[in-house]
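Report on the structure given below.
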Amino acid sequence: MRLVFFLCLFFLLLNCEDKQTKKKVTPKTTVTKKEKKAAVKDTVIEPEREFSKLNSKSAMAFFLEYDKHHKENKVRITTGFGTIDILLYNETKFHRSNFIFLTKQKYFNDTQFYRVINNYIVQAGNSDDKKTARKRAHIGRYLLPPDTKRGFKHDRGAVSMPSSEINNPYKLASPFEFFIVQQKGGAHFLDGDYTIFGKVIKGMDVIDKIAAVETDDGDWPDKNIYIKNVEIIN
């Protein structure tokens, strides 16, 4: 009887302690059943890694080594408006290697030309699709330092890398995005601020078509312009 009494008292105290503990848990937002189902449905199995996830500390060493084994410097971008061939400059090795790496990872496929300003630039490499965010998360979060003293100018057809949106006094480059100068005569006021790492060698007529589309107040095309594929060419 005494044993039963102590056991009952033990479980009663345990239950009280558990209730007190729950009261002290930090409040958190409530997730609805609908949101839970959406989260489960949205869960994907991360593919097997071929490389370590990159960050700003590891990226430079990674691309320095990558440059030794991946010397490709021409790519073709396929869009609904036609194809654009780009020559990537060997002089800007980190930015060239980064673009080749992302091309081989098929990152750019299904991203969009999301900023279009006629007679200025067309900017690509992002989208509002969750798949793009997943790709970035898999590859890693990193920035590239500017490389602006190679003598290249923001002439018409220049391919350059925009700065990250974060607080960025050194204009570190956002590695997943790029812009192409469409402006006749070039946009040389950009020289020295952004890294030019290539040029269009075929398909400026396609760039002109993209630049002429209707856009909203944020310069996003009214009808999405997808990059169907980016591939390495000889």
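The values are calculated or read from the model by the stated rules, or taken from the named source; none is laboratory data. What you are looking at is a predicted structure, and each value in this text was computed from that prediction instead of being measured. Counting neighbours? That spans all protein chains shown, and the Cβs are built from the backbone with ideal geometry, glycine included. Each accessible area value is taken on the protein alone, full model and side chains, heavy atoms only, with ligands, DNA and RNA left out. Shrake-Rupley method; radii C 1.70, N 1.55, O 1.52, S 1.80 Å.
Consider GLY192 against the criteria (1) within 29 Å of LYS131 (Cα to Cα); (2) out of contact with any Phe, Trp or Tyr (no Cβ under 8 Å at 6 or more places or on another chain); (3) modelled with pLDDT under 95: it satisfies all of them except one. Which criterion is unmet?
Exception for GLY192: condition (1).
Suppose we filter the range 190-204 for residues that are open to solvent by 50 Å² or more (accessible area, probe 1.4 Å) and either part of a helix (DSSP H, G or I) or among the basic types (Lys, Arg) (or both); how many remain?
Summing the residues that are open to solvent by 50 Å² or more (accessible area, probe 1.4 Å) and either part of a helix (DSSP H, G or I) or among the basic types (Lys, Arg) (or both) in the range 190-204 gives 2.
For the range 138-171, which residues satisfy the criterion of being modelled with pLDDT under 95 and of a type in the set (A, V, I, L, M)?
LEU143, LEU144, ILE166, listed by residue number.
Yes/no matrix, rows are residues, columns are (1) part of a loop (DSSP other than H, G, I, E, B); (2) in contact (Cβ under 8 Å) with a residue 24 or more places away in the chain; (3) on the phi > 0 side of the Ramachandran plot:
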| position | (1), (2), (3) |
| --- | --- |
| ARG134 | no, yes, no |
| ASP155 | yes, yes, no |
| LYS171 | yes, yes, yes |
| PHE176 | yes, yes, no |
| PHE179 | no, yes, no |
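Would you tally the residues in the range 125-148 being open to solvent by less than 60 Å² (accessible area, probe 1.4 Å) and touching a strand residue (DSSP E or B) at 6+ places or on another chain (Cβ under 7 Å)?
Count: 12.
To keep it simple, each residue is scored yes or no on (1) of a type outside the set (Ser, Thr, Tyr); (2) over 20 Å from the mean Cα position of the chain (by Cα); (3) buried (at least 16 other Cβ atoms within 10 Å of the Cβ).
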residue: HIS188; (1), (2), (3): yes, yes, no
residue: VAL206; (1), (2), (3): yes, yes, yes
residue: ASP216; (1), (2), (3): yes, yes, no
residue: ASN224; (1), (2), (3): yes, no, no
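So, SER174, is that one open to solvent by 20 Å² or more (accessible area, probe 1.4 Å), small (Gly, Ala, Ser) and touching a Pro at 6+ places or on another chain (Cβ under 9 Å) or not? Quick ask: steps written out before the conclusion?
Details: open to solvent by 20 Å² or more (accessible area, probe 1.4 Å): no; small (Gly, Ala, Ser): yes; touching a Pro at 6+ places or on another chain (Cβ under 9 Å): yes.
It is false that SER174 is open to solvent by 20 Å² or more (accessible area, probe 1.4 Å), small (Gly, Ala, Ser) and touching a Pro at 6+ places or on another chain (Cβ under 9 Å).
Considering only the range 77-115, state which residues are assigned to a strand (DSSP E or B) and either free of Cβ contacts under 8 Å to residues at least 24 places away in the same chain or open to solvent by less than 50 Å² (accessible area, probe 1.4 Å) (or both). I'd like the intermediate steps shown before the answer.
So in the range 77-115, the residues assigned to a strand (DSSP E or B) come out as 77-79, 82-88, 112-115.
Those that are assigned to a strand (DSSP E or B) and either free of Cβ contacts under 8 Å to residues at least 24 places away in the same chain or open to solvent by less than 50 Å² (accessible area, probe 1.4 Å) (or both): ILE77, THR78, THR79, GLY82, ILE84, ASP85, ILE86, LEU87, LEU88, GLN112, PHE113, TYR114.
If you check ASP67, ASP147, which single one turns out to be in contact with a helix residue (DSSP H, G or I) (Cβ under 8 Å, 6 or more places away or on another chain), on the phi < 0 side of the Ramachandran plot and part of a loop (DSSP other than H, G, I, E, B)?
Numbers: ASP67 fails: part of a loop (DSSP other than H, G, I, E, B).
Answer to the check: ASP147.
Looking at VAL206, is it in contact (Cβ under 8 Å) with a residue 40 or more places away in the chain and touching a Phe, Trp or Tyr at 6+ places or on another chain (Cβ under 7 Å)?
Values: in contact (Cβ under 8 Å) with a residue 40 or more places away in the chain: yes; touching a Phe, Trp or Tyr at 6+ places or on another chain (Cβ under 7 Å): yes.
Answer is yes for this residue.
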